[in-house]
Amino acid sequence: MKIDAIDVTVFTYPTRRESDSAGHSHPGKESQAKMAMMTITADDGQKGYAFSPAEIIRPHIVNAFLRKVLIGQNPFDRERLWQDLVHWQRGSANQLTDRALAVAEQAIWDLIGRSLNVPVHKLLGGYREKVPAYGSTMCGDELEGGLSTPEEYGRFAEKLVQRGYQAIKLHTWMPPVSFAPSPKMDVKACAAVREAVGPDVALMLDGYHWYSRSDALYIGRELQKLNFAWFEEPMEEQSMDSYRWLTQNLDIDVIGPESLSGKYFSRADWVKAGACDILRAGVQGVGGIGPCMKVAALAESFGMDCEIHGNGPANLMVVGAIKNCRWYERGLLHPFLDYDEPAAYLNSIIDPMDDEGFVHLPTRPGLGEDINFSWIEQHTLSHE
Ligand code: MG
């Protein structure tokens with residue numbers, strides 16, 4: 001089998017999510033958003049697909065790097081192809097990002113899975129058929145009845161537990177919210193949620209990412225009193241030593257790094273430095289499913305869990321194929337939005353959850369996306 005073509009279809013779809021001035025997603029009025037679908041076609045007609053924001057796989061990236069490396073190659077040589085793309089990154093003047101690598105790599109996995117009629121989590125080495133999900137809230141806002149007060153977080157948490165969630169992660173308030181950042185408000189929201197759900201639901205906090213060591217230590221100590229399961233990204237992750245210091249000064253598990261670049265190399269440094277208790281990686285952030293599996297194996301080799309960042313098919317495939325991960329991140333969730341409603345370009349969501357809070361691993365081949373091709377065709381802006 002050889003890769004014959006790489007195409008990118010950019011299309012519009014309606015959304016009720018909007019971004020604030022710092023890029024955080026919130027509920028909003030319905031508007032049209034843009035999405036891109038990469039299609040990798042093999043010489044036998046088999047296809048693999050991956051979705052991405054259009055800017056990440058803009059024409060220059062596809063022409064200058066992806067087509068040059070991948071066309072004419074056997075998609076089953078996925079690791080070599082990925083390494084060849086990695087080598088291109090240095091000379092690309094930072095244009096070929098880890099995120100672009102991840103999109104191409106996901107489409108290759110999807111192609112392989114579809115051609116064999118096997119889900120990717122089974123190709124990776126299946127570990128489980130279902131995984132408990134944690135409900136991951138949107139960042140706090142100033143919308144009445146939304147996530148604007150600790151009490152509203154508490155009420156939403158109660159609803160999430162009624163829906164079946166066994167765990168909840170709060171994203172609290174960040175600028176441009178007028179009173180953010182505020183360590184005291186973060187702690188109040190966490191206390192309100194603990195009060196609302198009782199002692200048996202696992203809780204995590206992912207708040208403002210640029211707190212000082214002193215603020216992070218204060219919040220972490222309060223989370224310990226509230227019996228939280230982990231404390232995520234309270235400080236700039238470029239400062240590994242700050243995380244080493246925080247991890248040494250707290251009993252609660254500190255998790256990271258999430259947004260730091262450096263693929264598995266930076267994660268190895270964090271493990272060696274003792275800068276986290278739980279390692280973190282997401283497919284989009286570390287350059288693909290393959291490198292994400294390497295981070296998980298690194299963590300497992302040191303007796304550590306590796307919690308996978310983000311929702312979606314690729315992250316779910318990794319969660320389904322590793323032992324040292326307790327949860328799947330389901331979200332982002334908000335009282336005004338229905339997470340179970342599929343985006344218009346999909347026939348169904350990848351991660352339906354049962355009443356006990358478990359997401360069942362998809363049985364469809366490849367990445368398991370249930371794509372509405374005719375809808376995409378009718379809403380195409382460009383196809384290259
Ligand atoms: Mg996070």
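The values are calculated or read from the model by the stated rules, or taken from the named source; none is laboratory data. Keep in mind the model is a prediction, meaning the values are calculated, not measured. Neighbour counts are summed over all protein chains in view; Cβ atoms, including those assigned to glycine, are modelled from backbone coordinates with ideal geometry. Heads up: the accessible areas ignore ligands, DNA and RNA and are worked out on the full protein's heavy atoms, side chains in. Shrake-Rupley method; radii C 1.70, N 1.55, O 1.52, S 1.80 Å.
Roughly what % of Cα-Cα distances in the range 257-332 sit above 16 Å, to the whole percent?
Value for the range 257-332 (Cα pairs over 16 Å): 38 percent.
Consider just the alpha-carbon atoms of the range 1-47 and return their Rg together with their Dmax, both in angstrom.
16.5, 46
Using only the alpha-carbon atoms of the range 311-366 as identical scatterers, what base-10 log of I(q)/I(0) does the Debye formula give at q = 0.23 Å⁻¹?
Debye intensities relative to I(0), on a log10 scale: -1.07.
What distance in nm separates the two pseudo spin-label positions at Q162 and S239, each 7 Å out from Cα along the beta-carbon direction?
Placing both labels 7 Å beyond Cα along the Cβ direction yields 4.3 nm.
Can you give me the distance in nm between label points at K68 and N117, each placed 7 Å from the Cα along the Cα-to-Cβ direction?
Spacing of the two 7 Å Cα→Cβ label points: 4.0 nm.
Dipole magnitude of the range 56-102 about its Cα centre, charges +1 at Lys/Arg Cβ and -1 at Asp/Glu Cβ only, in debye to the nearest 20?
Taking the Cα centre of the range 56-102 as origin, the dipole is about 160 debye.
Label 7 Å along Cα→Cβ of W210; the range 259-282 residues with amide nitrogen under 20 Å?
Under cut-off, by backbone N: 259-261.
With a ≥ b ≥ c the root eigenvalues of the C-alpha gyration tensor of the range 18-141, is it rounded (a/c under 1.5), prolate (a/b larger than b/c) or oblate?
In terms of gyration-tensor shape, oblate.
Can you pull the percent of Cα pairs in the range 242-384 with separation above 22 Å?
Result for the distance tail: 48 percent.
In nm, give the distance between the simple-model label positions of A22 and N347, each being 7 Å from the Cα along the Cα-to-Cβ direction.
Calculated label separation equals 4.1 nm.
Report the Rg/Rh value for the chain, based on alpha-carbon coordinates and the Kirkwood definition of Rh.
The Rg/Rh ratio comes out at 0.96.
Relative to the present Cα-Cα distance, how much length would full extension add between K225 and D355 at 0.36 nm per residue of separation?
So the chain would gain 43.9 nm between K225 and D355.
Hey, any idea what % of the range 311-384's accessible area is carbon plus sulfur with a 1.4 Å probe?
48 percent
Determine the alpha carbon to alpha carbon distance for each of K2/K294; K169/K272; K130/K188; K2/K47 and list only those over 23 Å.
Check vs 23 Å cut-off fails for K2/K294; K169/K272; K130/K188.
Roughly how large, in nm² to one decimal, is the mean projection of the convex hull of the alpha-carbon atoms in the range 1-88?
It is 7.1 nm².
With every protein chain left in place, what is the accessible area per residue of the chain in square angstrom, probe 1.4 Å?
Roughly 42 Å² per residue, with all protein chains present.
Give me the Å³ per residue figure for the convex hull around the C-alpha atoms of the range 185-304.
105 Å³
GluC sites (Glu not before Pro) within the range 121-223: which are DSSP loop residues with at most 15 other Cβ atoms inside 10 Å?
Here the GluC sites (Glu not before Pro) that fit, given the DSSP loop and packing criteria, are E129, E142, E144.
Cα extents of the range 141-237 along the three principal axes, largest first, in whole Å?
Largest first, the range 141-237 extends 36, 29, 19 Å along its Cα principal axes.
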